[in-house]
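The values are calculated or read from the model by the stated rules, or taken from the named source; none is laboratory data. None of the values given here were measured: they were computed from a predicted structure. Here the Cβ is made from the backbone with ideal geometry for all residues, glycine too, and neighbour counts use every protein chain on show. Remember, those area values only see protein heavy atoms, side chains included, never the ligands or the DNA or RNA. Shrake-Rupley method; radii C 1.70, N 1.55, O 1.52, S 1.80 Å.
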Amino acid sequence: MSDQPADQPATAPYDALLLLSFGGPEGPDEVVPFLENVTRGRGIPRERLKEVGQHYFLFGGVSPINDQNRELLSALRADLAAHGLDLPVYWGNRNWAPYLTDTLRELVADGHRRVLTLTTSAYASYSGCRQYRENLADALAALEAEGLPLPRVDKLRHYFNHPGFVEPMADATLAALAELPEDARAGAHLAFTTHSIPTAGADISGPAEAHGDGGAYVAEHLDVARLIADAVRRETGVERPWRLVYQSRSGAPHVPWLEPDICDHLETVHGEGAPAVVMVPFGFVSDHMEVKYDLDTEATAKAAELGLPVARAATVGADPRFAAAVRELVLERAATERGERPERCALGALGPSHDLCPVGCCPARAPRAAAAGADSPYA
């Protein structure tokens, strides 16, 4: 039972939703400063950043991620309003405007004190979860130093296996299959792609009980890949070969990262006689730069070199089903905070993720304060 007032809104105790994302440049002059923000503290020379920035310059120096976040922001607001939920939705970024700290200042100035956060990362890992929590702690520390009221900030659970994420990805895979030449379609392989991370980081991703042999990061991706492959099989009547592969590797060459790389994988399956491949970027929420360059540009060029037909599935982006899933997750978390026991929707073998990241979840190399977890200094 809950002792909350009967007439409270369904989103109580939360009075705002924060969309928290990575950020990206919106013009050529912003590319290197943006990359400086991303790599701050790593000692990477500016000349090297200019080289890395060539990926952005191919697209006019504009990352697609900000426009896609604007579309998602509109979709979330429309869905909440359509269901009679008066929950303001704000947007802040980790590495570029609108900056997270500025957004939290705006939230506080507007009178909000209990904020629920949606990050544009569906899976457990340091960079996909804990680092966002560290960013939240940094922003709250900045507000505290300025003498501003501190909101209570929580984070939605991982949504990788929510139907509103899985089902749009399955439909996008089917749509990509339909783009292939008809004579290659029936035998096409599926390559489920996600961001490569150091194997050491993967092994300690998620709660302590998930650590080892890829940790929660690999386990979660494999579970969703099976769900999508099964959905495609049911729809087409064809059991297709599939594999989890990786893209967007960076960092020192001597440090082991998750493999195989998508381009290496294309070479391998081509050599084995695959007639075509559908690349499914289910590790990403939107078609941002790493999808546009690493898949649409680099991997597609590799496939053309091999004479291998490929198609690329769309990401969930602002799909109405994903916006609805976010609403459901907000209502689920709000009900839990009120002491209720709502249904927790999840597909696959892993079940719904935790609401509160436990101590030791996705640990950093150097200890840093992180909000919205069991070890938060801002509970």
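So what's the back-of-envelope 222 nm ellipticity for the chain, counting only DSSP H runs of four-plus at -39500 (n - 2.57) apiece and dividing by all residues, rounded to 500? Numbers along the way, then the final one.
Values: 14 runs with 150 residues, N = 379.
Helix contribution divided over all residues of the chain: -12000 deg cm²/dmol.
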Within the chain, what is the longest stretch that has no GluC sites (Glu not before Pro) placed in a DSSP loop and near at most 11 other beta-carbon atoms within 10 Å? 1-145
Using the Karplus curve 6.51 cos²θ - 1.76 cosθ + 1.60 with θ = phi - 60°, what ³J(HN,Hα) values do you get for each residue of segment 61-69, in whole Hz, with x for Gly and Pro? x, 10, 7, x, 5, 5, 4, 5, 5
Among Ala175, Ala78, Ala252, the residue with the largest mean-square fluctuation in a Gaussian network model of the chain built from Cα contacts under 10 Å is Ala252
Ignoring ligands, DNA and RNA, what percent of the accessible area of segment 1-134 is carbon or sulfur (1.4 Å)? 52
3J(HN,Hα) from dihedral phi, segment 294-309, Karplus parametrisation 6.51/-1.76/1.60, rounded to Hz, x for glycine, proline: 5, 9, 5, 9, 6, 5, 5, 5, 4, 5, 5, 4, 7, x, 9, x
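So, R0 is 41 Å and r is the distance between the beta-carbons of Lys50 and His254; what FRET efficiency does that work out to, to 0.05?
Details: r = 24 Å, r/R0 = 0.58.
Computed FRET efficiency for Lys50 and His254 comes out at 0.95.
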Give me the orientation-averaged projected area of the Cα convex hull of the chain, in nm², one decimal. 19.9
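Below 8 Å, C-alpha to C-alpha, sequence gap of six or more: please give me the relative contact order for the chain in percent. Walk me through the intermediate numbers first.
On the way: 678 pairs, mean separation 90.9, N = 379.
Value for the chain: 24 percent.
Rounded to the nearest 20 Debye, what is the dipole magnitude of the chain about its Cα centre when Lys and Arg each give +1 and Asp and Glu each give -1 at the C-beta?
Values: 34 positive and 53 negative charges, 120 e Å.
Dipole size: approximately 580 debye.
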Binned Cα-Cα distance frequencies in segment 98-170 - 5 Å width, integer %: 3, 15, 23, 21, 15, 11, 7, 3, 1, 0
Cα-projected label distance for Leu306 with Thr268, points at 7 Å along beta-carbon direction, nm: 1.0
Gap in Å between the Cα centre of segment 24-56 and the Cα centre of segment 194-259? 28
Cross-link partners of Lys50 among lysines (Cα-Cα below 26 Å; sequence separation of 8 or more within a chain): Lys292, Lys302
Gap in Å between the Cα centre of segment 70-89 and the Cα centre of segment 136-160? 21
Rounded to two decimals, the Debye log10 I(q)/I(0) of segment 191-269 (Cα scatterers, no solvent) at q = 0.12, 0.13, 0.18, 0.27 Å⁻¹ is -0.39, -0.46, -0.80, -1.23
Given H placed on each backbone N at 1.01 Å, which residues far from Ile204 in sequence or on other chains put an amide H within less than 5 Å of it? Gly212
Rounded to the nearest 5, the percent of antiparallel DSSP beta bridges in the chain equals 5
Could you derive backbone 3J(HN,Hα) for segment 71-82 from the dihedral phi with the Karplus parameters 6.51, -1.76 and 1.60 (θ = phi - 60°), listing whole Hz in sequence and x where the residue is Gly or Pro? 5, 5, 4, 5, 5, 5, 5, 5, 5, 4, 5, 5
Counting only protein heavy atoms and rolling a 1.4 Å probe, one gets per residue an accessible area for the chain in Å² of 43
R0 of 30 Å, Cβ-Cβ distance Arg114-Asn37: FRET efficiency to nearest 0.05: 0.55
